[in-house]
1. I'd like to know if the range 49-61 contains one or more residues that are of a type in the set (A, V, I, L, M, F, W, C), at pLDDT 85 or above and within 28 Å of THR111 (Cα to Cα).
2. Name the residues in the range 32-61 that are free of Cβ contacts under 8 Å to residues at least 40 places away in the same chain, among the charged types (D, E, K, R) and not in a helix (DSSP H, G or I), would you?
3. Tally the residues that are aliphatic (A, V, I, L, M) and either farther than 25 Å from THR124 by Cα or modelled with pLDDT of 95 or more (or both), restricting the search to the range 83-98.
4. As an exercise: evaluate LEU7 against (1) surrounded by 18 or more Cβ atoms within 10 Å (Cβ to Cβ); (2) within 23 Å of ALA109 (Cβ to Cβ); (3) not hydroxyl-bearing (Ser, Thr, Tyr) and give the number of the one condition it does not meet.
5. Applying the selection to the range 72-85, what residues are surrounded by 19 or more Cβ atoms within 10 Å (Cβ to Cβ), within 16 Å of LYS119 (Cβ to Cβ) and either over 15 Å from the mean Cα position of the chain (by Cα) or among the hydrophobic types (A, V, I, L, M, F, W, C) (or both)?
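The values are calculated or read from the model by the stated rules, or taken from the named source; none is laboratory data. None of these values were measured; they are calculated from a predicted model. Here the Cβ positions follow ideal geometry from the backbone for every residue, glycine too, while neighbour counts run over all protein chains shown.
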Amino acid sequence: MSTFFALSTLAILMVMGLLVDGGGALNAGNRATSLAQEAARTAGQQLDPAKAIEGTAITIDPDAAVGAAQDYLAAAGVTGDVQITDGGQTLSVTVHDTYNTHFAQFVGAGTINVTGTAKAHLQTQAGG
């Protein structure tokens with residue numbers, strides 16, 4: 001009977017660990033995606049003033065956008081990558097973070113790496 005209880009207790013602890021660490025990793029992934037979205041919005045506000053004032057184009061200033069996104073991510077305590085494509089109209093932010101496990105560390109998995117990605121596209125429209 002005591003072997004049954006010992007195995008049952010071990011199984012319950014394993015399920016609890018899966019729930020706690022799995023849920024924590026999902027929350028960390030959601031946080032990474034949220035931070036990527038906010039960093040993309042911040043970077044998307046960095047327009048190239050020279051082109052905008054001249055009226056030749058409304059595009060993102062690449063250096064200012066990357067700097068703003070990196071500053072936002074640094075303030076949040078995470079790292080990430082910023083890419084500007086589409087001739088300065090689209091930018092992508094990828095956030096890399098880790099979740100420190102509570103139960104899985106007992107089986108050798110002390111951290112779980114999570115990634116969040118977001119894209120922002122500069123919408124320009126005449127008269128709007």
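1. No; the residues of the range 49-61 include none that is of a type in the set (A, V, I, L, M, F, W, C), at pLDDT 85 or above and within 28 Å of THR111 (Cα to Cα).
2. Scanning the range 32-61 gives a single hit, ASP61.
3. Of the residues in the range 83-98, 2 are aliphatic (A, V, I, L, M) and either farther than 25 Å from THR124 by Cα or modelled with pLDDT of 95 or more (or both).
4. Just one mismatch for LEU7, condition (1).
5. The answer is LEU73, VAL82, ILE84.
Okay, residues lined up against (1) within 30 Å of LEU10 (Cα to Cα); (2) crowded, with 16+ Cβ neighbours inside 10 Å; (3) more than 17 Å from the chain's Cα centre (by Cα):
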position	(1), (2), (3)
SER34	no, no, no
GLY44	no, yes, no
GLN70	no, yes, no
GLY87	no, no, yes
ASN100	yes, no, no
THR111	yes, no, no
